[in-house]
Every structure is written in structure tokens, then in C-alpha cells.
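Read the structure below first, then the notes.
The values are calculated or read from the model by the stated rules, or taken from the named source; none is laboratory data. The model shown is predicted, which means the values in this text are computed figures rather than measured ones. Using ideal geometry, Cβ is built from the backbone for each residue, glycine included, and neighbour counts are taken over all protein chains shown.
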Amino acid sequence: MLWDLSGGAAAPTVLTGHSNPVPAVAFSPDGHTLATGGNDFTIRLWDTSLDRVAARICDSAYPRISRAQWAQHFTAVDFNPPCPPAT
């Protein structure tokens, strides 16, 4: 679990991926990457910047949701897609 100590999130973020306990964690010097070492003999790198994670997801999201699809699936919510239009 990862806690935001700046007062932003009330609940911890649960990082999933390791299949056994994780006895080793360390942040990069700039604080933007978290490295975890698990008893499953894996090391994982986690990006801690929400903006960078969102941008990476939006870069791979294709096709983007159309206004018509939004209206079909989110009838009670004004059109406000989470990713900008593809360029």
C-alpha cells in the first residue's frame, strides 16, 4: 500500500503485482518512481506521478470515446472524456 502523506488521499493506494510479501521498497531521488522488491524474486518500478500515468494511459487508449458512445453509456453525465482528442 502507498499512502499520500501530503494530505491528498484519505485511503492508501494498493499496488498489485507481486505474488509474495514485499520486504524492500525505495523511492528514486526525485520521488517520481517507487521500486519494490518482492519475495517472488521480482523487482517492480511504479510511476508515482498521476499526471504521467494518466498521459501514458491516454496515449494507448484508442479509439477515443465519441460523444455518441458517451451519451449511450453515461446518460446522466455531461460529455467530459478523460483523455484529450487523439492527434
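What number goes with the only condition from (1) assigned to a strand (DSSP E or B); (2) surrounded by 12 or more Cβ atoms within 10 Å (Cβ to Cβ); (3) hydrophobic (A, V, I, L, M, F, W, C) that Val22 does not pass?
Unmet for Val22, out of (1) assigned to a strand (DSSP E or B); (2) surrounded by 12 or more Cβ atoms within 10 Å (Cβ to Cβ); (3) hydrophobic (A, V, I, L, M, F, W, C): (1).
Looking only at the range 25-42, count every residue that is loosely packed, with under 12 Cβ neighbours inside 10 Å and hydrophobic (A, V, I, L, M, F, W, C) and tell me the total.
2
Consider Ala24 carefully, then state whether it is touching a Cys at 6+ places or on another chain (Cβ under 9 Å) and in contact (Cβ under 8 Å) with a residue 12 or more places away in the chain.
no
Are there any pairs, at least 6 apart or on different chains, whose C-beta atoms fall under 8 Å, with the first in the range 39-68 and assigned by TED's automatic domain parsing to the domain that holds Val14 and in a helix (DSSP H, G or I) and the second surrounded by 12 or more Cβ atoms within 10 Å (Cβ to Cβ) and among the acidic types (Asp, Glu), and if so, which?
That search, which allows pairs on different chains as well, returns nothing.
Do the conditions hold for Phe79, that is, is it over 21 Å from Thr16 (Cβ atoms), touching a Phe, Trp or Tyr at 6+ places or on another chain (Cβ under 8 Å) and hydrophobic (A, V, I, L, M, F, W, C)? Walk me through it before giving the result.
Details: over 21 Å from Thr16 (Cβ atoms): yes; touching a Phe, Trp or Tyr at 6+ places or on another chain (Cβ under 8 Å): yes; hydrophobic (A, V, I, L, M, F, W, C): yes.
Here the answer is yes, as Phe79 does meet what is asked.
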